[in-house]
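Everything on this sheet refers to the single structure shown next.
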């Protein structure tokens, strides 16, 4: 099983997301992350989906995507050079003793404190999944109260 990052350009119409999700789940796959947003042309959206699966079966799924009427183009970026980024917000417990250590870690990872509260900080970080995982791992001892992840967005380099 391998992690696949699939992008799809789709017509921005009701029901398109449901059909694509149904196609993937109907084959017995779980979508790890899903990110959808409009493109420069508001009638087109870009979907970025991460799925764990066998190469041959995921190739069949991407071919079936292309058969859907509202799908313009599908690419399995796993087979190409690509750049991906994820946005994460974390609410971290912050006592007077731990606050300076958290701020130091935030600066080290080029993250940003976006809200300061009496007992916590809300931190924003963007980067590769590896960078995010390392940051979260180091913040855990401070006490992560809540976390919201966007899932990756990705583009082929070519």
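Every number in this text was worked out from the coordinates using simple rules, so none of it is lab data. If you're wondering where the values come from, they're calculated on a predicted model, not measured in any experiment. Cβ coordinates were reconstructed from backbone atoms using ideal geometry, including for glycine residues, and neighbour counts include every protein chain displayed.
Helix 55-67 against the longest principal axis of the chain: what's the angle in degrees, Cα atoms only, rounded to the nearest 10? So the helix axis and the longest Cα principal axis differ by about 70 degrees. Between residue 126 and residue 85, the modelled labels are 0.4 nm apart [label points 7 Å from Cα along Cα→Cβ]. Seen against the Cα atoms of the chain and their longest principal axis, helix 99-108 is set at about 40 degrees. Restricting the calculation to Cα atoms, the range 2-79 shows an Rg/Rh of 0.93 when the hydrodynamic-style radius is the Kirkwood one.
Expressed as a fraction of 2.2 N^0.38 Å, the C-alpha radius of gyration for the range 44-158 is 1.39. Per-residue ellipticity at 222 nm from helix content only, as computed over the chain with -39500 (n - 2.57) for each DSSP H run of at least four residues, stands at -8500 deg cm²/dmol. Here residue 40 and residue 97 are evaluated by their C-beta separation; at R0 = 35 Å the FRET efficiency comes out at 0.15. Pairs of alpha carbons in the range 96-136 separated by more than 11 Å make up 64% of all such pairs. Within the listed set 39, 47, 89, the Gaussian network model of the chain (springs between alpha-carbon atoms below 10 Å) gives the highest mean-square fluctuation for 39.
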